[in-house]
1. Here is a check on your reading of the model: is THR276 more than 20 Å from THR117 (Cβ to Cβ), at pLDDT below 95 and not in a loop (DSSP other than H, G, I, E, B)?
2. Taking the conditions exactly as written (under 16 Å from SER304 (Cα atoms), among the β-branched types (Val, Ile, Thr), more than 22 Å from the chain's Cα centre (by Cα) and modelled with pLDDT of 95 or more), does VAL258 satisfy them or not?
3. When only residues in segment 163-181 that are outside any strand (DSSP E or B) and loosely packed, with under 14 Cβ neighbours inside 10 Å count, which is nearest to the chain's Cα centre (by Cα)?
4. One residue is enough: does segment 220-229 have a residue meeting the conditions of a type outside the set (Val, Ile, Thr), in contact (Cβ under 8 Å) with a residue 12 or more places away in the chain and open to solvent by 40 Å² or more (accessible area, probe 1.4 Å)?
5. Is there a residue in segment 302-314 that is open to solvent by less than 20 Å² (accessible area, probe 1.4 Å) and farther than 16 Å from VAL343 by Cβ?
6. Looking only at segment 561-593, which residues are without any contact (Cβ under 8 Å) to a residue 40 or more places away in the chain, open to solvent by 30 Å² or more (accessible area, probe 1.4 Å) and assigned to a loop (DSSP other than H, G, I, E, B)?
7. Select from segment 139-162 the residues that are among the aliphatic types (A, V, I, L, M) and open to solvent by 30 Å² or more (accessible area, probe 1.4 Å) and list them in ascending order.
Amino acid sequence: MKRNYQSITIVAMLLFSFMAIATHNQAAARGLPQASPADCAPIWSVVPSPNAGANGSSLQAVAAISSSDIWAVGAYISGYTGTVAYYSTLTEHWNGTSWSVISSPNAGTYAELFGITTISPSSVWAVGDFQDSSGHRRTLVEHWDGTIWHIVPSPNPDPYYSILHGVTAVSANDVWAVGEGSAYSTLTEHWDGSSWTIVASPNSTSNSVLLGATSTSASDVWAVGYSGGTLTEHWNGSNWTVVTSPNPGSGNNLLLGVTALSSSDVWAVGYSGASTLTEHWDGSTWTALASSHGPGIVGNQLNSVSAIAANDIWAVGSSSYNARGGSDATLVTHWDGTSWSLVTSPSPGPNADLNGVAAVSSSDVWAVGHYNSSTGNSNTLVEHYSTLGCSTITPTISPSPQPTACPNLFVDINTNIFFHAINSLYCQGVINGTDASHYSPSGTATRGQFAKLVALAFGLPLTTPSGRPTFTDVPPGYFAYAYIESGYYAGILSGFDAVGCAAHNALYPCYLPNLAITRGQLTKLVVNAGEYALLTPASGPTFTDVPPSNVFYAFIETAAANHIIAGYPDGSFRPNNPIRRDEMAQIVYAGQQNQPASPTPINTPAPSMTATPSQTSTPFTTNTPGGPTNTATPTSMPSVTITPTPGLARF
């Protein structure tokens, strides 16, 4: 959800407001990614992370020392007095294999950590605030010495309200922390190797706050935040000064995160009205650059930014897509040296937000935040961008090159492991490209798009109900309307139950056609459409992460037995991962080729159905092989990747 920093007094409270929202969803359970083929491009995937306590946990910031030494900080609800929640600090560590909670101290009954910076494996700083016995907010600084976290005394300019939001380190004896203090004014504190002291910082208005900091040297430190608009301040080695920064548009402008590659290459991110905001410092001027806006209806914001090189920068945040303030989805954007573009990232549950990002290398980037579980509590969220997260469906099976069924128009599939499947389905008129010369193999597909693809691939007769549409969110004008209706009445797909619809602010019965389809859902749909007889092995589960209790167990086992799918080298299948367009084509193609000679009959259409001509207005439309491709919205467009709770959305 979008945080309103105009009212600075509620900043810290808003950080945990997500914990009060009841939802109906659950996290995608997945093991750590294992080795993938060399031609597999990096993707974002969820990495399991622990929660402290049973009432709600959130991660607010992340910092990396190496690929096997990464820290994340935040807070968790440690208890209640009546309806009043008490928060405790939360620190988690990645050792190259798994995330674990590391004990951290608390100075009061309400303690949170908002920022973190690393110097070495034995020197890590984290900052935030706590509430003392009188109910006053006080600065909180903690230090990791390689063995334990301990509190380091820090000054408070206001005896009633002082908070630290961000921290950056130049060296072991040169560390800066920024935040807000007396009368809602900026606060900057400095560590000289022995103690923390307050250093005077200017204010543009009477309502100013600093939310993030970065540094390149002892005389080049930046802090960003809000002061009636964007606020950027610079330390030149002697004093802090306000540096003019743009405020595009007519809405509220605010900067939440900042990173620097050099004194003439600094990036800051935040939001402007309902849109993301990215600004760049070139050594003399701050400039607002066009950024990739998420799909949110209410608002999109970037909370953190991390730079690897001038052409390799990541920013993360959230996208609010419901006008009634409903679920958020994760938002990830990337700068390639020329422009910002959206990158697909998973949202394992409602109200999924990414609050911090840290890059180790161009193929090793981490982001942290939170999402809501099926119980309504907040869970920690950790996502990793790497080749180890690639979701290639058959990493151990490489089909031999085969002649093309028709001329290949897609320049981005020539070396793809699933070239033949993509080419064959295109030539059948089953799939299409995202433009005239690109298939976008690493993109994702929605439930609506895939319903159409399967209907075309398996020759499902297209019919529509003579009366009211089956699903409230799939009207007759929707591009995949006939395909979804036909699939439903044929018994190969279905929608969500009343609770699942309500969780996504949709009226029951709903289908949620714009949610990204997962590997498990796709496999079930192919098995149903291909009319395969369901099988379960007497020897037990084929995949380590698909037990008999999994709602997709029989379908995944059937697909594996019929050589439609294969798993990862580590023995997992990862049914809750979003599906890539190339592996989607491979599964559908394999489902066609291995279809049983005497298929198990599927349900016949209901009597009130009427034949409907094929629709051709979207991705995955029919086309003329070798002819012009459809130019509808690419299937790799950003979509809310929320995995429906198993058993509720049966497809």
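The values are calculated or read from the model by the stated rules, or taken from the named source; none is laboratory data. Bear in mind that the values here come from a model prediction, so they are computed numbers and not experimental data. Neighbour counts run over all protein chains shown; Cβ positions are idealised from the backbone, glycine included. With ligands, DNA and RNA removed, areas are computed over all heavy atoms of the protein, side chains included. Shrake-Rupley method; radii C 1.70, N 1.55, O 1.52, S 1.80 Å.
1. It is true that THR276 is more than 20 Å from THR117 (Cβ to Cβ), at pLDDT below 95 and not in a loop (DSSP other than H, G, I, E, B).
2. On the way: under 16 Å from SER304 (Cα atoms): yes; among the β-branched types (Val, Ile, Thr): yes; more than 22 Å from the chain's Cα centre (by Cα): no; modelled with pLDDT of 95 or more: yes.
Judged against the criteria, VAL258 is not a match.
3. Narrowing segment 163-181 to residues outside any strand (DSSP E or B): 172-173, 181.
Filter once more, keeping what is loosely packed, with under 14 Cβ neighbours inside 10 Å: 172-173.
Values: ALA172: 33, ASN173: 36 Å.
Result: ALA172.
4. Yes, because at least one residue in segment 220-229 is of a type outside the set (Val, Ile, Thr), in contact (Cβ under 8 Å) with a residue 12 or more places away in the chain and open to solvent by 40 Å² or more (accessible area, probe 1.4 Å).
5. no
6. Result: ASN562, HIS563.
7. Residues satisfying the conditions are ILE148, ILE151.
The rows are residues; the columns are (1) out of contact with any Pro (no Cβ under 8 Å at 6 or more places or on another chain); (2) in contact (Cβ under 8 Å) with a residue 24 or more places away in the chain; (3) assigned to a loop (DSSP other than H, G, I, E, B).
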{"position": "HIS420", "(1), (2), (3)": "no, yes, no"}
{"position": "TYR426", "(1), (2), (3)": "no, yes, no"}
{"position": "ALA451", "(1), (2), (3)": "no, yes, no"}
{"position": "ALA455", "(1), (2), (3)": "yes, yes, no"}
{"position": "GLY459", "(1), (2), (3)": "yes, no, yes"}
{"position": "THR464", "(1), (2), (3)": "no, yes, no"}
{"position": "GLY467", "(1), (2), (3)": "yes, yes, yes"}
